[in-house]
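Structure, as structure tokens:
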Amino acid sequence: MIALVSGAVAVRRADHVVVDCGGVGYRLAVSAETLRHVPAVGKSVLLHTHLVVRDDALALYGFATEEERELFLMLIAVQSVGPKVALAVLSGGPPRDLLAAVAAGDTARLQAAPGVGKRTAERIIVELREKVGASATAPPILAAVRSEDPRALARDGLLGLGYSATEVDQLLDGAEGDRPEDLIAYALRTARR
């Protein structure tokens, strides 16, 4: 399997890039999130990849980070989610934000991606919660934790997403809600401002 591609950007389009690696151009389908990290034509780039082999084609997908690639692999394992829909979901923001949306049960965020209806969004949330909860590499926000204090759960979740303790305290300042999901959603909306 091709795990990563490194070389000069030869072509940069809205849905794909071509990377020149020693005289061979590899066409990689990419999300809008990855495309933000791809430099201009002629510049050097390194992309993590996943190769999908079908009877009629070989398709190579490129990702700016290993986290995005892992999320892509989890998405394509969900029933009725193919690589095209998975890239559309990944185009919705950084993997950390998408995992937070899954943790919060935010179907509207997932439905914003082309090709994702309500049922598919709900299926993604249910199946990813299970997979990420069992995954050792997953952010701790999605692990099932029981506590009486929703604010403590929200704080732990935000720390698991990579925010510092100071940032978490600032993001949760003024947050209202009885469920950790509501508090996390509020904090992430505040962080975007």
Kindly establish whether His37 is touching a residue at least 24 places away in the same chain (Cβ under 8 Å), in contact with a strand residue (DSSP E or B) (Cβ under 7 Å, 6 or more places away or on another chain) and not aliphatic (A, V, I, L, M). no
Of the residues in the stretch 17-33, how many are within 21 Å of Val53 (Cβ to Cβ) and in contact (Cβ under 8 Å) with a residue 40 or more places away in the chain? 5
Check Arg192, Arg129 and return the single one that is surrounded by 13 or more Cβ atoms within 10 Å (Cβ to Cβ) and at pLDDT below 85. Arg129
Of all residues in the stretch 83-110, count the ones that are more than 10 Å from Ser31 (Cβ to Cβ) and among the hydroxyl-bearing types (Ser, Thr, Tyr). 1
Reported set for the stretch 78-95 where residues are in a helix (DSSP H, G or I) and surrounded by fewer than 18 Cβ atoms within 10 Å (Cβ to Cβ) is Pro83, Lys84
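Yes or no, residue by residue, for (1) under 23 Å from the mean Cα position of the chain (by Cα); (2) outside any helix (DSSP H, G or I); (3) not assigned by TED's automatic domain parsing to the domain that holds Val102:
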{"site": "Leu153", "(1), (2), (3)": "yes, no, yes"}
{"site": "Asp156", "(1), (2), (3)": "yes, no, yes"}
{"site": "Tyr163", "(1), (2), (3)": "yes, yes, yes"}
{"site": "Val168", "(1), (2), (3)": "yes, no, yes"}
{"site": "Leu171", "(1), (2), (3)": "yes, no, yes"}
{"site": "Glu176", "(1), (2), (3)": "no, yes, yes"}
{"site": "Glu181", "(1), (2), (3)": "yes, no, yes"}
{"site": "Ile184", "(1), (2), (3)": "yes, no, yes"}
{"site": "Leu188", "(1), (2), (3)": "yes, no, yes"}
State all residues of the stretch 105-121 that are of a type in the set (Gly, Ala, Ser) and either free of Cβ contacts under 8 Å to residues at least 60 places away in the same chain or in contact with a Pro (Cβ under 9 Å, 6 or more places away or on another chain) (or both); if no residue qualifies, say none. Ala108, Ala112, Ala113, Gly115, Gly117, Ala121
Of the residues in the stretch 66-77, those that are buried (at least 18 other Cβ atoms within 10 Å of the Cβ) and closer than 14 Å to Gly115 by Cα come to Leu75
Tell me, yes or no, whether the stretch 115-123 has at least one residue that is surrounded by fewer than 22 Cβ atoms within 10 Å (Cβ to Cβ), modelled with pLDDT under 90 and not hydroxyl-bearing (Ser, Thr, Tyr). yes
Mind checking which residues of the stretch 43-62 are under 19 Å from Pro114 (Cβ atoms) and within 17 Å of the chain's Cα centre (by Cα)? Tyr61
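The values are calculated or read from the model by the stated rules, or taken from the named source; none is laboratory data. All figures in this text were calculated on a predicted structure; none of them were measured in a lab. Methodologically, a virtual Cβ is constructed for each residue, glycine included, from the backbone with ideal geometry; neighbour enumeration extends over all protein chains shown.
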